[in-house]
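Encoded as C-alpha coordinates, the structure appears first; notes follow it.
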Amino acid sequence: MGRATVSGWVSGGGRAVILDSNGEQVEALAAELVGRGGEAVALVADITDADAARLAVQDTLARYGRLDFLHNNAFAPWRGNDTAALLGDLSDRHWDHVLDVGLRSTFRFTRAVLPVMQRQGGGAIVNMSSTAGYHAEPYIGAYAAAKAGVIQLTKATAVEYGRHGIRCNAVCPGVIRTPLIEGAPLDENFIRGIPLGRLGQPDEIAHTILFLASDLASYVTGAILVADGGRTL
(Lines give C-alpha, C1' and ligand atoms only; values in the text may rest on other atoms or scores of the structure.)
Protein backbone atom coordinates (compact mmCIF):
# COMPACT_ATOMS: atom_id res chain seq x y z
CA MET A 1 0.00 0.00 0.00
CA GLY A 2 3.01 2.30 -0.22
CA ARG A 3 4.46 4.00 2.79
CA ALA A 4 2.08 4.76 5.65
CA THR A 5 3.54 5.39 9.06
CA VAL A 6 1.83 5.95 12.38
CA SER A 7 3.88 6.50 15.52
CA GLY A 8 2.96 6.24 19.18
CA TRP A 9 5.35 8.08 21.48
CA VAL A 10 5.24 6.96 25.09
CA SER A 11 6.31 9.15 27.98
CA GLY A 12 9.23 8.32 30.21
CA GLY A 13 12.33 7.81 28.13
CA GLY A 14 11.70 8.25 24.41
CA ARG A 15 9.92 5.02 23.58
CA ALA A 16 8.11 4.67 20.27
CA VAL A 17 6.00 2.12 18.45
CA ILE A 18 6.12 2.69 14.69
CA LEU A 19 3.78 1.05 12.21
CA ASP A 20 4.42 0.94 8.49
CA SER A 21 3.43 -1.24 5.56
CA ASN A 22 7.05 -1.37 4.38
CA GLY A 23 8.94 -3.73 6.69
CA GLU A 24 12.40 -2.73 5.51
CA GLN A 25 11.78 0.96 5.99
CA VAL A 26 10.11 0.69 9.38
CA GLU A 27 12.88 -1.55 10.70
CA ALA A 28 15.47 0.96 9.49
CA LEU A 29 13.66 3.83 11.19
CA ALA A 30 13.38 1.90 14.45
CA ALA A 31 17.09 1.10 14.30
CA GLU A 32 17.89 4.77 13.72
CA LEU A 33 15.90 5.80 16.80
CA VAL A 34 17.62 3.15 18.89
CA GLY A 35 20.96 4.37 17.59
CA ARG A 36 20.08 7.83 18.87
CA GLY A 37 19.53 6.49 22.37
CA GLY A 38 15.80 5.86 22.28
CA GLU A 39 13.70 2.71 22.32
CA ALA A 40 11.65 1.80 19.26
CA VAL A 41 9.50 -1.11 18.17
CA ALA A 42 8.69 -1.69 14.50
CA LEU A 43 5.31 -3.10 13.51
CA VAL A 44 4.50 -4.11 9.93
CA ALA A 45 0.85 -3.79 8.94
CA ASP A 46 -1.46 -2.39 6.29
CA ILE A 47 -3.21 0.61 7.84
CA THR A 48 -6.20 0.11 5.54
CA ASP A 49 -6.91 -3.06 7.49
CA ALA A 50 -9.83 -2.29 9.81
CA ASP A 51 -8.07 -4.01 12.74
CA ALA A 52 -4.63 -2.40 12.30
CA ALA A 53 -5.25 0.56 14.61
CA ARG A 54 -6.82 -1.49 17.39
CA LEU A 55 -4.02 -4.06 17.32
CA ALA A 56 -1.28 -1.41 17.24
CA VAL A 57 -2.74 0.35 20.27
CA GLN A 58 -3.08 -2.96 22.12
CA ASP A 59 0.56 -3.75 21.37
CA THR A 60 1.71 -0.35 22.62
CA LEU A 61 -0.23 -0.67 25.87
CA ALA A 62 1.01 -4.22 26.42
CA ARG A 63 4.61 -3.06 26.05
CA TYR A 64 4.54 0.28 27.85
CA GLY A 65 1.27 0.60 29.74
CA ARG A 66 0.33 3.97 28.27
CA LEU A 67 0.27 5.99 25.06
CA ASP A 68 0.86 9.73 25.20
CA PHE A 69 1.35 10.72 21.56
CA LEU A 70 -0.03 9.65 18.20
CA HIS A 71 1.35 10.84 14.88
CA ASN A 72 -0.80 10.02 11.87
CA ASN A 73 1.44 10.23 8.82
CA ALA A 74 -0.13 8.18 6.07
CA PHE A 75 0.36 8.54 2.35
CA ALA A 76 0.40 6.11 -0.55
CA PRO A 77 0.54 7.33 -4.14
CA TRP A 78 -1.83 5.83 -6.66
CA ARG A 79 -0.03 3.75 -9.30
CA GLY A 80 -2.80 3.45 -11.86
CA ASN A 81 -3.00 5.02 -15.31
CA ASP A 82 -4.79 8.05 -13.85
CA THR A 83 -2.01 8.94 -11.38
CA ALA A 84 -2.04 12.58 -12.53
CA ALA A 85 -5.52 13.23 -13.84
CA LEU A 86 -8.27 15.81 -13.74
CA LEU A 87 -11.20 15.03 -11.43
CA GLY A 88 -13.41 14.06 -14.36
CA ASP A 89 -10.92 11.37 -15.32
CA LEU A 90 -10.33 9.82 -11.90
CA SER A 91 -11.35 6.21 -11.40
CA ASP A 92 -13.29 5.06 -8.35
CA ARG A 93 -10.32 2.87 -7.42
CA HIS A 94 -8.00 5.89 -7.41
CA TRP A 95 -10.39 7.94 -5.27
CA ASP A 96 -11.10 5.11 -2.81
CA HIS A 97 -7.44 4.19 -2.41
CA VAL A 98 -6.22 7.72 -1.69
CA LEU A 99 -9.08 8.49 0.72
CA ASP A 100 -8.72 5.12 2.46
CA VAL A 101 -5.01 5.61 3.12
CA GLY A 102 -4.96 9.35 3.63
CA LEU A 103 -8.16 10.01 5.62
CA ARG A 104 -9.91 6.85 6.79
CA SER A 105 -6.74 5.50 8.45
CA THR A 106 -6.23 8.79 10.29
CA PHE A 107 -9.76 8.52 11.64
CA ARG A 108 -9.32 4.88 12.69
CA PHE A 109 -6.07 5.45 14.56
CA THR A 110 -7.45 8.58 16.21
CA ARG A 111 -10.56 6.68 17.26
CA ALA A 112 -8.42 3.87 18.67
CA VAL A 113 -6.28 6.12 20.91
CA LEU A 114 -8.99 8.45 22.21
CA PRO A 115 -10.34 6.10 24.94
CA VAL A 116 -6.78 5.40 26.11
CA MET A 117 -5.91 9.09 26.34
CA GLN A 118 -9.20 9.81 28.10
CA ARG A 119 -8.41 7.25 30.79
CA GLN A 120 -4.92 8.71 31.19
CA GLY A 121 -6.25 12.25 31.51
CA GLY A 122 -4.75 13.58 28.30
CA GLY A 123 -2.51 13.12 25.30
CA ALA A 124 -1.42 14.71 22.03
CA ILE A 125 -2.28 13.86 18.44
CA VAL A 126 -0.53 15.39 15.45
CA ASN A 127 -1.97 14.69 12.02
CA MET A 128 -0.13 15.16 8.75
CA SER A 129 -2.15 17.22 6.33
CA SER A 130 -0.73 19.29 3.45
CA THR A 131 -0.95 22.70 1.88
CA ALA A 132 -2.98 20.83 -0.75
CA GLY A 133 -5.71 20.59 1.88
CA TYR A 134 -6.55 24.28 1.47
CA HIS A 135 -4.59 25.45 -1.59
CA ALA A 136 -6.02 24.07 -4.84
CA GLU A 137 -3.68 22.71 -7.50
CA PRO A 138 -4.49 20.62 -10.58
CA TYR A 139 -4.17 16.85 -10.94
CA ILE A 140 -4.21 15.98 -7.23
CA GLY A 141 -7.94 16.18 -6.52
CA ALA A 142 -8.24 12.99 -4.44
CA TYR A 143 -5.12 13.82 -2.43
CA ALA A 144 -6.37 17.36 -1.80
CA ALA A 145 -9.76 16.07 -0.66
CA ALA A 146 -8.12 13.62 1.74
CA LYS A 147 -5.86 16.29 3.23
CA ALA A 148 -8.75 18.75 3.56
CA GLY A 149 -10.61 16.04 5.41
CA VAL A 150 -7.65 15.60 7.76
CA ILE A 151 -7.82 19.31 8.61
CA GLN A 152 -11.49 19.10 9.57
CA LEU A 153 -10.99 15.82 11.43
CA THR A 154 -8.24 17.54 13.42
CA LYS A 155 -10.51 20.43 14.36
CA ALA A 156 -13.40 18.14 15.26
CA THR A 157 -11.15 16.07 17.53
CA ALA A 158 -9.83 19.20 19.23
CA VAL A 159 -13.35 20.53 19.88
CA GLU A 160 -14.77 17.25 21.13
CA TYR A 161 -11.90 16.03 23.31
CA GLY A 162 -10.21 19.17 24.62
CA ARG A 163 -12.13 18.82 27.89
CA HIS A 164 -10.35 15.51 28.40
CA GLY A 165 -6.92 17.10 28.10
CA ILE A 166 -6.41 15.73 24.59
CA ARG A 167 -4.81 18.12 22.12
CA CYS A 168 -5.08 17.54 18.37
CA ASN A 169 -3.21 19.60 15.77
CA ALA A 170 -2.18 19.23 12.15
CA VAL A 171 0.88 20.13 10.11
CA CYS A 172 0.61 21.26 6.50
CA PRO A 173 4.00 20.87 4.82
CA GLY A 174 4.82 22.41 1.50
CA VAL A 175 7.26 20.77 -0.90
CA ILE A 176 9.84 18.91 1.18
CA ARG A 177 13.07 17.41 -0.15
CA THR A 178 12.22 13.73 0.27
CA PRO A 179 12.81 10.70 -1.99
CA LEU A 180 9.26 11.17 -3.25
CA ILE A 181 10.18 14.34 -5.11
CA GLU A 182 13.78 13.57 -6.05
CA GLY A 183 14.05 14.02 -9.79
CA ALA A 184 10.76 15.90 -10.01
CA PRO A 185 10.82 18.72 -12.60
CA LEU A 186 10.94 21.73 -10.28
CA ASP A 187 12.13 24.69 -12.31
CA GLU A 188 13.62 27.97 -11.12
CA ASN A 189 10.25 29.70 -11.28
CA PHE A 190 8.86 27.22 -8.78
CA ILE A 191 11.70 27.88 -6.33
CA ARG A 192 11.34 31.64 -6.82
CA GLY A 193 7.70 31.27 -5.79
CA ILE A 194 8.82 30.21 -2.31
CA PRO A 195 9.63 33.30 -0.20
CA LEU A 196 12.38 31.44 1.66
CA GLY A 197 13.88 30.51 -1.71
CA ARG A 198 14.32 26.78 -1.16
CA LEU A 199 12.58 23.48 -0.52
CA GLY A 200 11.97 22.32 3.02
CA GLN A 201 14.05 19.66 4.75
CA PRO A 202 12.53 16.60 6.48
CA ASP A 203 14.05 17.61 9.83
CA GLU A 204 12.22 20.93 9.66
CA ILE A 205 8.88 19.13 9.51
CA ALA A 206 9.96 16.74 12.27
CA HIS A 207 10.78 19.70 14.52
CA THR A 208 7.35 21.19 13.84
CA ILE A 209 5.68 17.92 14.83
CA LEU A 210 7.84 17.64 17.93
CA PHE A 211 6.81 21.13 19.04
CA LEU A 212 3.10 20.31 18.72
CA ALA A 213 3.57 17.01 20.56
CA SER A 214 5.50 18.58 23.43
CA ASP A 215 4.50 20.56 26.49
CA LEU A 216 5.83 23.65 24.70
CA ALA A 217 2.49 23.58 22.85
CA SER A 218 0.41 22.79 25.94
CA TYR A 219 -2.17 25.50 25.09
CA VAL A 220 -2.30 24.72 21.36
CA THR A 221 -5.11 22.59 19.97
CA GLY A 222 -7.03 22.61 16.73
CA ALA A 223 -4.15 24.47 15.08
CA ILE A 224 -3.27 23.95 11.43
CA LEU A 225 0.42 24.78 11.31
CA VAL A 226 1.70 25.56 7.83
CA ALA A 227 5.37 24.83 7.11
CA ASP A 228 5.85 25.65 3.44
CA GLY A 229 8.46 28.40 3.32
CA GLY A 230 5.67 30.89 2.60
CA ARG A 231 4.71 29.42 -0.77
CA THR A 232 0.93 29.55 -0.19
CA LEU A 233 0.77 33.01 1.40
>> Going by what's in this entry, would residue 180 be described as under 28 Å from residue 58 (Cβ atoms), under 18 Å from the mean Cα position of the chain (by Cα) and touching a residue at least 24 places away in the same chain (Cβ under 8 Å)?
In response: no
> Among 53, 62, which is crowded, with 21+ Cβ neighbours inside 10 Å and over 22 Å from residue 184 (Cβ atoms)?
Replying inline: 53
>> Taking the criterion of being within 21 Å of residue 75 (Cβ to Cβ) and touching a residue at least 60 places away in the same chain (Cβ under 8 Å), would at least one residue in region 189-202 satisfy it?
In response: no
>> Please go through (1) of a type in the set (A, V, I, L, M, F, W, C); (2) closer than 18 Å to residue 84 by Cα; (3) in contact with a strand residue (DSSP E or B) (Cβ under 8 Å, 6 or more places away or on another chain) for residue 184 and return the number of the only condition it doesn't satisfy.
In response: (3)
>> Which of the helices (runs of 4 or more DSSP H) found entirely inside region 117-233 contain at least 1 residues meeting this: buried (at least 17 other Cβ atoms within 10 Å of the Cβ)?
In response: 141-161, 202-213
>> Being modelled with pLDDT of 95 or more and touching a helix residue (DSSP H, G or I) at 6+ places or on another chain (Cβ under 7 Å) is true for just one of 158, 136, 146. Which residue is that?
In response: 146
> Of these, 83, 110, which one is within 29 Å of residue 145 (Cα to Cα), buried (at least 16 other Cβ atoms within 10 Å of the Cβ) and of a type in the set (Val, Ile, Thr)?
Replying inline: 110
> Inside region 166-200, can you point out the residues that are of a type in the set (D, E, K, R), within 21 Å of residue 126 (Cβ to Cβ) and modelled with pLDDT under 90?
Replying inline: none
> When both residues are 6+ apart or on different chains and their Cβ atoms are under 8 Å apart, which pairs have a first residue that lies in region 155-173 and is in contact (Cβ under 8 Å) with a residue 24 or more places away in the chain and small (Gly, Ala, Ser), and a second that is surrounded by fewer than 22 Cβ atoms within 10 Å (Cβ to Cβ) and in a helix (DSSP H, G or I)?
Replying inline: 170/151
> Among 88, 37, 80, which is over 24 Å from residue 122 (Cβ atoms), modelled with pLDDT of 95 or more and not in a strand (DSSP E or B)?
Replying inline: 88
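The values are calculated or read from the model by the stated rules, or taken from the named source; none is laboratory data. Only a predicted model underlies this, so the values are computations on that prediction, with no experimental measurement involved. Every residue, glycine among them, receives a Cβ derived from its backbone with ideal geometry; neighbour counts consider all protein chains shown.
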